[in-house]
Amino acid sequence: MSTPMDLAGKHIVLGLSGGIACYKAADFTRELVKAGATVQVVMTEAAEQFITPVTLQALSNRSVYTSQWDAREPNAMAHINLTRDADAVVIAPASADLMAKLAQGRADDLLSLMCLARPLLSCPLLLAPAMNREMWAHPATQRNVAQLRADGTLVLGPGNGDQACGEIGDGRMLEPAELFAELVAFFQPKVLRGKRVLISAGPTFEPIDPVRGITNHSSGKMGFAIARAAAEAGASVMLIAGPVHLPTPRNVRRIDVTTARQMFDAVTGAASAHDVFIATAAVADWRPASFNDHKIKKQPGEKSPPSLELTENPDILAAVARLPAAPYCVGFAAESHDLLKHAREKRVRKGVPLIVANLGPATFGQDDNALTLVDANGERELPRADKLTLARQLVAEIAARLGAKA
Ligand code: CTP
């Protein structure tokens, strides 16, 4: 998916403490710069054992700070100056030793000193722990993590899996792409904090026999982008996905289904426990009336092809909108012509407060789209943009409507 310049205008101070995961900080720096951030790297002496400042200088295009005695600063106060224009300090990797220091407010090198001296309200601190699983699980480390969280620090991960030492468990630093997604999410406004959002996405597949079926061109990209945007906005998100080839957005719970009836069961079973239902799925309107257990074979000398009898699938969105404890329902309308007319009719027919209309052929499989929001008060255009940008705008529109309803 094409991504917007998610960190344009942001200034990030990236701290590295000692650990083998320092090699991942190089990729992370590249991602930050590519997304429009300016990056100032600060390294501890131990970090310099794992990666050179030259590498990080080249990637960040700024000279790296390693010492509180750095003579480059006119006032000799690098530990103060570095965070005054920063939007966040991110420490990746954060070693067990560094976290112990920060938890105690110790300040015997530039990185810890700078963290202590940063303006608490304007410069948040995010840590990406990286260490052996025993070190992570040790009560001393867990005590320090709890203290850091209580002090307002955001702890990213750690991940789980193979470790450089050969052991397997918790303590791996998150991958650069995961750290990047967490940081981008961190900066999004939390307009759906505390809300539960249910989303259907992708096509459905209606089997004819064991090797054939009826489906459509929906890629699921819009629904997955909305799931990501809702999670970034602080919602707890459940995504019911038809057969698609897309990675699950971070912090989203995903349930895979195949047919419209499976999607119906999954969605209606979960709907009443949610505040919002966004139906982006391109549900097959019909399915074969019967399923052939064996592959339908061509018969020698057959005069006409076999005919396929179809039966209608249940309308998931309309069913959810009729529930006694219905969530706020948002439908999608993919049309080929007369977009507004069909969208207005569909809103009334399905009994939902908001319909998002788009031109089917212009969106299926594409990375960008244009949307028209249709509600009881009229229409609003969201002009052509990448799907994640549109998803964030849609999330803000839904949040505003929830606020107006509350
Ligand atoms: N939808 C659904 N269950 C169905 C069919 C549609 O939940 N069985 C939802 C879609 O997820 C979408 C909205 O209803 O949010 C509109 O779907 P669409 O297929 O465009 O509308 P239809 O009512 O099927 O009308 P038509 O196909 O005639 O345009």
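Residue-by-condition table, conditions (1) over 19 Å from Leu382 (Cβ atoms); (2) among the acidic types (Asp, Glu); (3) part of a loop (DSSP other than H, G, I, E, B):
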{"position": "Phe291", "(1), (2), (3)": "yes, no, yes"}
{"position": "Ile296", "(1), (2), (3)": "yes, no, yes"}
{"position": "Glu302", "(1), (2), (3)": "yes, yes, yes"}
{"position": "Ala321", "(1), (2), (3)": "yes, no, no"}
{"position": "Ala334", "(1), (2), (3)": "no, no, no"}
{"position": "Arg349", "(1), (2), (3)": "yes, no, no"}
{"position": "Val352", "(1), (2), (3)": "no, no, yes"}
Original post:
Do any strands (runs of 3 or more DSSP E) lying entirely in the stretch 172-259 carry at least 2 residues that are more than 30 Å from Asn292 (Cα to Cα), and which ones are they?
Top reply: 196-201, 236-241, 252-256
Subject >> Hits in the stretch 364-406 - residues which are part of a helix (DSSP H, G or I), open to solvent by 10 Å² or more (accessible area, probe 1.4 Å) and either within 25 Å of Leu246 (Cα to Cα) or charged (D, E, K, R) (or both) >> reply: Thr389, Arg392, Gln393, Ala396, Glu397, Arg401, Lys405
Subject >> Test result for His217, in contact (Cβ under 8 Å) with a residue 12 or more places away in the chain, in the same structural domain as Asn313 (by TED's automatic domain parsing) and open to solvent by 60 Å² or more (accessible area, probe 1.4 Å) >> reply: yes
**OP:** Search the stretch 65-85 for residues that are assigned by TED's automatic domain parsing to the domain that holds Pro53 and pair each with any residue that is assigned to a loop (DSSP other than H, G, I, E, B) and among the hydrophobic types (A, V, I, L, M, F, W, C) when their beta-carbon atoms are under 7 Å apart and the residues are at least 6 apart or on different chains.
**Re:** Thr83/Cys123
Original post:
Do we find a residue being near the ligand (Cβ under 9 Å from one of its atoms) and surrounded by 14 or more Cβ atoms within 10 Å (Cβ to Cβ) anywhere in the stretch 287-306?
Top reply: no
**OP:** Count, please, the residues in the stretch 51-69 that happen to be out of contact with any Cys (no Cβ under 6 Å at 6 or more places or on another chain) and either among the β-branched types (Val, Ile, Thr) or farther than 22 Å from Ala37 by Cβ (or both).
**Re:** 8
**OP:** For the stretch 362-379, enumerate the residues that are at pLDDT below 95, within 26 Å of the chain's Cα centre (by Cα) and away from the ligand (no atom under 13 Å from the Cβ).
**Re:** Ala362, Gly365, Gln366, Asp367, Asp368, Asn369, Ala370
**OP:** Could you pull out the residue among Ala47, Ala78, Ala86 that is surrounded by 14 or more Cβ atoms within 10 Å (Cβ to Cβ), among the aliphatic types (A, V, I, L, M) and closer than 13 Å to Ala25 by Cβ?
**Re:** Ala47
Original post:
How many of the residues in the stretch 160-184 are touching a strand residue (DSSP E or B) at 6+ places or on another chain (Cβ under 9 Å) and either farther than 22 Å from Gly234 by Cβ or charged (D, E, K, R) (or both)?
Top reply: 15
**OP:** Could you list, in sequence order, all residues of the stretch 308-329 that are small (Gly, Ala, Ser) and open to solvent by 30 Å² or more (accessible area, probe 1.4 Å)?
**Re:** Ala325, Ala326
Original post:
For the stretch 145-197, how many residues meet the condition of being touching a helix residue (DSSP H, G or I) at 6+ places or on another chain (Cβ under 8 Å), closer than 22 Å to Asn132 by Cα and of a type in the set (A, V, I, L, M)?
Top reply: 10
**OP:** Considering each residue of the stretch 32-77, count those that are in contact with a strand residue (DSSP E or B) (Cβ under 7 Å, 6 or more places away or on another chain) and more than 18 Å from Cys22 (Cβ to Cβ), and give that number.
**Re:** 2
**OP:** Give the stretch 1-29 a look and list any residue that's under 28 Å from Arg133 (Cβ atoms) and without any contact (Cβ under 8 Å) to a residue 60 or more places away in the chain, or say none.
**Re:** Tyr23, Ala26, Thr29
Original post:
Of all the residues that make up the stretch 65-100, how many are in a helix (DSSP H, G or I) and under 11 Å from Pro129 (Cα atoms)?
Top reply: 4
**OP:** Would you please list the contacts, defined by Cβ atoms under 8 Å and residues six or more apart or on different chains, that run from a residue in the stretch 110-130 that is closer than 18 Å to Ala100 by Cβ to a residue that is in a helix (DSSP H, G or I) and of a type in the set (Asp, Glu)?
**Re:** Leu126/Glu182
Subject >> Test result for His342, in a loop (DSSP other than H, G, I, E, B), within 14 Å of the ligand (Cβ to nearest atom) and assigned by TED's automatic domain parsing to the domain that holds Thr204 >> reply: no
Original post:
Restricting the first residue to the stretch 188-210 and requiring it to be aromatic (Phe, Trp, Tyr), which pairs with a second residue that is more than 11 Å from the ligand (Cβ to nearest atom) meet a Cβ separation below 6 Å and a spacing of at least six or different chains?
Top reply: Phe205/Gly213; Phe205/Thr215; Phe205/Pro243; Phe205/Thr258
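The values are calculated or read from the model by the stated rules, or taken from the named source; none is laboratory data. These numbers come from a predicted model, not from an experiment. Backbone-built Cβ (ideal geometry, glycine too); neighbour counts: all protein chains shown. In case anyone asks, the SASA skips ligands and DNA or RNA and just uses the protein heavy atoms, side chains included. Shrake-Rupley method; radii C 1.70, N 1.55, O 1.52, S 1.80 Å.
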